[in-house]
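Enquirer: Before anything else, here's the structure in question.
Just so it is clear, none of the values below were taken in a lab; they were calculated from the coordinates. This structure is a prediction, so every number in the text was calculated from the model and none was measured. We place every Cβ from the backbone using ideal geometry, glycine too, and count neighbours over all the protein chains shown.
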Amino acid sequence: MSIRLKIKGVLLALVVLASVAIMGFTLVSMQDDLSIESAQADIQREMEELPALLEEADAETAQNEATFDSIYQSKAESIAFMASHDTGFEATNAKMSEYKDLLGVDNVLVVDRDGGVVARAQDTLADFSYQRYNLLRTVFDTEGPSASMEVEFADEGVTMRYYAARIDGDSMVVIEQNPAELDELVANTGSLSSVLSGVSVGQNGYVFAVSAKNYVVEYHPKAEFIGTDALDNGIRVERLEDGTFTWITFGGERLYCGVSEIGDSYYISAIPESDMAASRNLTVGVILFIFFSVAMVVALYGFFVMREDEKRGYNPENYVNMGPLRFNKAIGKKAIVLSFVGFLAVMLVTFYMQTLFSLSAESVSSNERAADIERTIDRTNAQADVLTEQYNERYLSKAETAAYALEQNSALKNRDDLQSLADALQVEHLYVFNSEGVLTATNSPYSNFTLSEDPEDQSYEFRALLQGVEYIVQEPMPEEVSGELRQYIGVTLRDSQGEADGFVQLSMRPERLETLLSSVQIDTILDGVKLGQGGFAFAVNKSDGTFAYYPDEKLVGASATAAGLDESQLKGGFSDFLTVDGVRYYASSFETGDYYVYVAQPESELMTDRVPLTLATGANGIVCQIVIFLLVAFEIRRKRGEVAAVQEVDDEPNRTFETTMPSGRRAKTESAASRWIYRSMNWGDKSAEQRVLTVLKVLMGIFAIAVCVAVIFQDRVFPEDSVFSYVLSGNWEFGLNVFAVTAALMIACVVLTITMMIQALLRMLAGVFGARGETMCRLISSFIKYASIIGMVYYCLMLIGIDTTTLLASAGILSIAISFGAKELVSDILSGLFIIFEGDFRVGDIIQVGSKTGTVVEIGVRTTKINDGNGNIIIIRNSEVSDVVNMTKELSYATCDMDIEYGESLERVENILESEFPNIRRRLPSILDGPFYKGVVSLADNSVTIRVVVQCAETSRGQLERDLRREMKLIFDEYQINIPYPQVVVHQPRTFYKATLAEQLAADRFNDEQKEAARDMGNEEFDGDDGRK
Amino acid sequence: MGKKSKLVAAALVFAVAAFSLVCMAGCSADSQEEASSGAGTLRVGVRDDIMNFSYLNDQTGKHYGLEVDIANEMAKRLGYADVEFVSVTPDSRKDMLLNGGVDCLVACYSIADSRLENFDFSPAYYTDRAIVMVENSSLITDVEQLEGKTVGIMSGSNAGPVFATKMYELGVIGPDVVENTDEYTQYQGILVKKIATYEELSKALETGEVDAAAMDNSIASTYMNEDRSILDVNLGDQEYGVATQKDSELSGNVANAIQEMLDDGTIAAYIDKWN
């Protein structure tokens, strides 16, 4: 290698590396900008929504507290009612215990004005004489029960809530209740975690909260962080300012964050860097690899050609001089083609990767969100059940209290007292029925009522109370007139003997339950769902295929199929593009109750940005390609003398040579015999093109192996939500989409890698065993190849959405069809496939099929076309391509068999041939080597047949054979050697010449020489033939 | 693996802390000399329970907050190589400084005449005010309602005298101290209970043992919640300064360093940071 070439090589390598570096930098920074921009937009949106969310949660908490308080206030009030209505109230501990059990509270006390405890159900930690309890004493000055107050007894670890109601001017009843139930409810509905756990920033981001007072993490999706010190976890305190966007490291994870300070907390909307980088790194990696491959292939190709030229000499025809530079046409043309194809490949891959990653990110987030909503629905349902149960329990307790009061003092069964009892209990109406089921007293306007005897009627159920059933809690039912939810609860009244004596019934409107039940409605749940930029959720009724909820009111109730959804898209577990109202969304669905719920996102920013990104990559790529191209195709002109320095082609056995393609282009091909040799060709034997091909193969092999490794170790290499895992999880819709194509590619890489490895192993084994082993290994190797290819194709077809079971079934049907008539066609097609896969021959090969010989012009699906050399195209059906002789070899032999009379001296003829061979060689320039005398082929009936062969190109063989025959005839004529032909001979004895001793010796020598010279020439099998086989 | 190493780290932290405690007790005299010579480690007394001023994180054994930042910066400017933080309480801080247990106090220590007799103070780096906190359920909304009630303070804190002075100014209580013990001070018309820690003070307020609590605003924010209110009265400004031993060599340097930090906006930046 000359120094010049070395410098150029190094220069090329540097340019390629620099290009890759520039490309990598551009890609990374562009992707970074994009992802930060979109992250910031996501965060901004979340930060704007946050205050409303928190307010909503606070309102929820306030409502929960109010509900809880009103229940216990009513309990206090009802004791006060009993105290003032002659129901056997007395300020004793025993009575308080009775009330405690009746009302289901933790403690009931009677406390005087100064805070002294008069009676109690059990001991209390509270000292009511403290100013702290002034709030309870307000009952002495105002009507109704006191507001609630809560005291935490930290030393005892108890928290108690207090409610008071006035008994008389100097004493009040105090209810002490542990608010654990309330706390739990608040934690589930209004707490920070209940609010923030439902929030997603962008696709995988989240919001966590840090106390502004002590920097303790108040909420984080990972429970282990809650309660830890945010500063310890890596947050720098100066970053925590309202409205900043910044990078924050938290718990070792880098997050892009927006900070908002609301109340006493910092809310940090965070998107993990890994989230942004994971897709970036893979995308950039793959694009860079392809770019690198392309650049390297072009550069190496130029380098190899130059090296070859240097070795074999320059062909001045290949060069065009341009000023001080010289353009290498041969390289230039091919380099342009390579560069262009490479450029297209880079663009395609960029576009493809962008699509894949943005789609997979969308898809993953849609799926996650869908799962979230599903959980929300389940949770709200469960919550509604719990709340219903709580309601029943609480109102039953009220009914029992009413029954207790009425049993203690039956004089209360009048409208006024019932009204004040209803007020104390905070229920709407009380009804007292006698043992006949007739309404005797009520505070409601409807005072004339008897329980129905029709089992269909709502009131019939309460007849059971007349028979002595303890209580009946009826399900809340919508009222006939108003449609409002109303609930009735009845408790049996008993006389002093304990016999059932009518019952008391209360009715109320469970408003809280009503709102909760309505919140379980699909539209309420889906209403607040927002995802990424412009993502939302909608629901379709299972039964009639109409929209149950859609953000656009107009569509609600409309048919989904009419709006653009496909029948096949109406199902759970869907994950693909769909069109609603003319807009394309990427959507995931699940099935719940009566609905299919979809989470839909419009094409993301990344998706819209993929075109500029692709163009930028392409532009960058083309500049790099041009630089490489210029380096490869141009060189500094040399001095004249150097140009002609042609070196002799080295004599190494060469397995490649030029053939003419049907198009007239000359191309290098590998000789037939060499194609089935396991041993790979020496690097040195390869042409520049073959070397580039080898490099390309190696690169593709590396890529395939990398993909294969990534697929096999995906769990360890990639995070759970990466595109790799997503594509392999198969959670997308089978069909012709980017995921199916990717999955098919991955599968292909894996299968090919594994097949390659097994084949390599078999090849090694073949070397160990003998001929039989080698045959077996080849067989197994070929079997594995077909099995893997067929399996792979089958699987990939399945991924792309072709129903393979039908395919299989139809294959069965097909076989029947075959037996009827299409058999030939199918076998042609199959044979064609096998010819291509097996590589028996290629276009441009010279083959012989049966008696037909010619150059292969085309291998079609059904037929193979060969040119017989006369310009005739012979079309052979693939199924009939058998007994193929592939005669593609570098050199052929033209054979000429000549008959000589028995009488002629063989030695003389041989001497003549020896002297004439050089002349023949001279006269027939297409002879590459020879002629060679091959000896006597046969002793026929009338003649001795000798054979002469010459080495020539297969293409010139036919003509050469004819020329050779002519030459031989002329020689025979010249030397009077007779060629026997059927003739009538009038016998006239003549004397034959005897060979002289010298002639005999020379003939022997000649014979030996010729045999020696032509020993490796083959052709033996053609004995007795015309040499055309 | 991660957990294990965390455990090991925690154990190490404890070991180091224990060792330094022992060392502090054993060789305080030596290190005192070393410190006063202006090299090595500056031992700073800080609080461990005041969020945003100086708060000890149990997990890391480190203090965080405004005062910690100020102390670090001050030590840097004074040329110390290292700063050792020692947790002090209002009860113990006086003795700690007098006995040389620490070189200086940056511990929400307000500049008061009574204290100036014993210590030197730097210029004030933070101005706070003392307030009165009550439970909403006590229905106390005005400071005059406190007459005849019990008010809690943290024992040793400046809030007690400041509070009593203000009450007297407002005419709620009489001028005399009826009785003064370690447990409480009985003024004419108000009982001031002295409670060991702010946490206990907060608990006493919660259970009703005290009807109101007087403390510095900076401290109050830690214990404030939605069931509590701060009465609309300013008991007086409290100026926090760095305290050093009377007439010690350190006093002037510290005062200069703090003044410098005040002048170049360093302290303002810290206050902003921890706000």
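Enquirer: Normalised by the residues of segment A:857-985, what does the relative contact order come to in percent, with Cα pairs under 8 Å and at least six apart?
Expert: Values: 172 pairs, mean separation 35.0, N = 129.
For segment A:857-985, the relative contact order is 27 percent.
Enquirer: Kindly provide the Kirkwood hydrodynamic radius of segment A:534-603 in Å, to one decimal, from all pairs of distinct alpha carbon atoms.
Expert: Computed over segment A:534-603, the radius equals 11.5 Å.
Enquirer: Measuring from the lowest to the highest alpha carbon on each principal axis, how far does segment A:179-266 reach, largest first, in angstroms?
Expert: 40, 30, 24
Enquirer: Here is a follow-up. Loop-only GluC sites (Glu not before Pro) in segment A:444-479, please: DSSP not H, G, I, E or B, and at most 10 other Cβ atoms within 10 Å.
Expert: On the way: sites: A:Glu453, A:Glu456, A:Glu461, A:Glu470, A:Glu479; in loops: A:Glu453, A:Glu456, A:Glu470, A:Glu479.
Of the GluC sites (Glu not before Pro), the ones in loops of segment A:444-479 whose Cβ has at most 10 other Cβ atoms within 10 Å are A:Glu453, A:Glu456.
Enquirer: List the aspartates and glutamates whose alpha-carbon lies under 15 Å from that of A:Lys865, not counting same-chain residues fewer than 8 positions away?
Expert: By straight Cα distance, A:Lys865 reaches A:Asp828, A:Asp840, A:Asp845, A:Glu880.
Enquirer: What does the convex hull of the alpha-carbon atoms of chain A project to on average, in nm²?
Expert: Orientation-averaged projected area of the Cα hull: 69.2 nm².
Enquirer: Run lengths n ≥ 4 of DSSP H only: what is the helix-derived mean residue ellipticity at 222 nm for chain A, with -39500 (n - 2.57) per run over all residues, to the nearest 500?
Expert: Roughly -16000 deg cm²/dmol at 222 nm, from the helical runs in chain A.
Enquirer: Can you find, among A:Met353, A:Tyr301, B:Ala220, the residue farthest towards the positive end of the dipole of the protein assembly as shown? Put +1 on the C-beta of Lys and Arg, -1 on that of Asp and Glu.
Expert: Toward the positive end, the furthest listed residue is A:Tyr301.
Enquirer: Shielding by partners for B:202-208, please: the mean number of other protein chain Cβ atoms within 10 Å of each residue's Cβ.
Expert: 5
Enquirer: Exceeding 26 Å between C-alpha atoms, which entries from my cross-link table qualify? They are A:Lys333/A:Lys852; A:Lys222/A:Lys530; B:Lys193/B:Lys246.
Expert: Pairs exceeding the cut-off: A:Lys333/A:Lys852; B:Lys193/B:Lys246.
Enquirer: Let me ask something else about it. Pick out, from A:Ser956, A:Tyr72, B:Val44, the residue whose Cα sits farthest towards the positive end of the charge dipole of the protein assembly as shown, with +1 on the Cβ of Lys and Arg and -1 on the Cβ of Asp and Glu.
Expert: Checked the options; the winner is A:Ser956.
Enquirer: Going by a ≥ b ≥ c, the root eigenvalues of the Cα gyration tensor, does segment B:128-238 fall in the rounded group (a/c under 1.5), the prolate group (a/b larger than b/c) or the oblate group? Let's see the in-between values first.
Expert: On the way: a/c = 1.35, a/b = 1.26, b/c = 1.07.
Here segment B:128-238 falls in the rounded category.
Enquirer: Averaging over every viewing direction, what projected area does the convex hull of the Cα atoms of segment A:892-1022 cover, in nm²?
Expert: Across all orientations, segment A:892-1022 yields a mean hull projection of 8.7 nm².
Enquirer: Another question about this same structure. For the ranges A:892-905, B:217-230, what's the packing order if you count other beta-carbon atoms within 10 Å of each residue, average per peptide, and put the highest first?
Expert: A:892-905, B:217-230
Enquirer: Which listed residue (A:Thr283, A:Ser435, A:Ser211) has the Cα farthest towards the positive end of the charge dipole for chain A, taking +1 on Lys and Arg C-beta and -1 on Asp and Glu C-beta about the Cα centre?
Expert: A:Thr283
Enquirer: Roughly how many whole Å is it from the C-alpha centroid of segment A:213-237 to that of segment A:375-418?
Expert: 43 Å
Enquirer: Below 8 Å, C-alpha to C-alpha, sequence gap of six or more: please give me the relative contact order for segment A:414-551 in percent.
Expert: Details: 225 pairs, mean separation 24.2, N = 138.
For segment A:414-551, the relative contact order is 18 percent.
Enquirer: Given Cβ point charges of +1 (Lys, Arg) and -1 (Asp, Glu) and nothing else, what value in debye, to the nearest 20, does the dipole of chain A about its Cα centre take?
Expert: Charge dipole, chain A, about its Cα centre: 9300 debye, nearest 20.
Enquirer: Sticking to Cα atoms, compute the Rg of segment A:392-517 to one decimal and its Dmax as the biggest Cα-Cα distance, whole number, in Å.
Expert: Rg, Dmax (Cα atoms, Å): 13.7, 43.
Enquirer: When the Cα centres of segment A:241-273 and segment B:221-249 are compared, how far apart do they sit, in Å?
Expert: Each part reduced to its Cα centre gives a spacing of 31 Å.
Enquirer: What whole number of Å gives the distance from the Cα centroid of segment A:539-559 to the Cα centroid of segment A:167-189?
Expert: Here the answer is 45 Å between Cα centres.
Enquirer: Determine Rg/Rh for segment A:122-247; Rg is computed over alpha-carbon atoms and Rh is the Kirkwood hydrodynamic estimate from the same atoms.
Expert: Reported Rg/Rh, Kirkwood definition of Rh: 1.16.
Enquirer: List the residue ranges in chain A for DSSP H helices whose C-alpha atoms run 30 angstrom or more along the long axis and whose Kyte-Doolittle average is -0.5 or above. All intermediate terms of the calculation are to be shown ahead of the outcome.
Expert: Numbers: long enough: A:3-84 (116 Å, 0.33); A:273-312 (55 Å, 0.72); A:329-408 (116 Å, 0.02); A:610-633 (33 Å, 1.70); A:688-712 (35 Å, 1.92); A:738-768 (45 Å, 2.15); A:771-799 (41 Å, 0.91).
Those that pass (Cα extent of 30 Å or more, hydropathy at least -0.5) are A:3-84, A:273-312, A:329-408, A:610-633, A:688-712, A:738-768, A:771-799.
Enquirer: Once you charge only the Cβ atoms, +1 for Lys and Arg and -1 for Asp and Glu, what is the size of the charge dipole of segment A:534-603 about its Cα centre, to the nearest 20 debye?
Expert: With Lys and Arg at +1 and Asp and Glu at -1, about 40 debye.
Enquirer: Taking amide H positions as placed in the peptide plane 1.01 Å from N, state which residues far from A:Ser444 in sequence (5 or more) or on other chains have amide H under 5 Å from it.
Expert: The list, which skips near neighbours in sequence, is A:Leu430.
Enquirer: Based on the Kirkwood radius over alpha-carbon pairs, what is the Stokes-Einstein translational diffusion coefficient of segment A:240-312 at 4 °C with 1.567 mPa s viscosity, in µm²/s?
Expert: 80 µm²/s
Enquirer: Something else about it: Using a Förster distance of 56 angstrom, determine the FRET efficiency expected from the C-beta separation of A:Glu858 and A:Glu48, and round it to 0.05.
Expert: After rounding to 0.05, the efficiency reads 0.25.
Enquirer: In addition: Considering every Cα-Cα pair within segment A:69-175, what fraction, in whole percent, is farther apart than 16 Å? Write down the numbers at each step before the final one.
Expert: Working: 2978 of 5671 pairs.
Here the tail beyond 16 Å accounts for 53 percent of pairs.
Enquirer: May I ask you to give the average projected area over all directions of the convex hull of the Cα atoms of segment A:687-802, in nm² rounded to one decimal?
Expert: 9.5 nm²
Enquirer: Over 21 Å apart: what share of the alpha carbon pairs of segment A:461-604 falls there, rounded to a whole percent?
Expert: On the way: 5930 of 10296 pairs.
When every Cα pair of segment A:461-604 is considered, 58 percent fall beyond 21 Å.
Enquirer: Relative contact order of chain A: what whole-number percent is it, with Cα pairs under 8 angstrom and at least 6 residues apart?
Expert: After rounding, I find 8 percent.
Enquirer: Too long at a 29 Å Cα-Cα cut-off: which of B:Lys166/B:Lys273; A:Lys8/A:Lys686; A:Lys311/A:Lys697; B:Lys62/B:Lys166?
Expert: B:Lys166/B:Lys273; B:Lys62/B:Lys166
Enquirer: Turning to a different aspect of this structure: Can you give the mean number of other chain Cβ atoms that lie within 10 Å of the Cβ atoms in peptide A:130-140?
Expert: Mean shielding count: 6.
Enquirer: Mind ranking A:553-561, A:193-201 by how tightly packed they are, going by the mean number of other C-beta atoms within 10 angstrom, highest first?
Expert: Most protected by this proxy first, the peptides run A:193-201, A:553-561.
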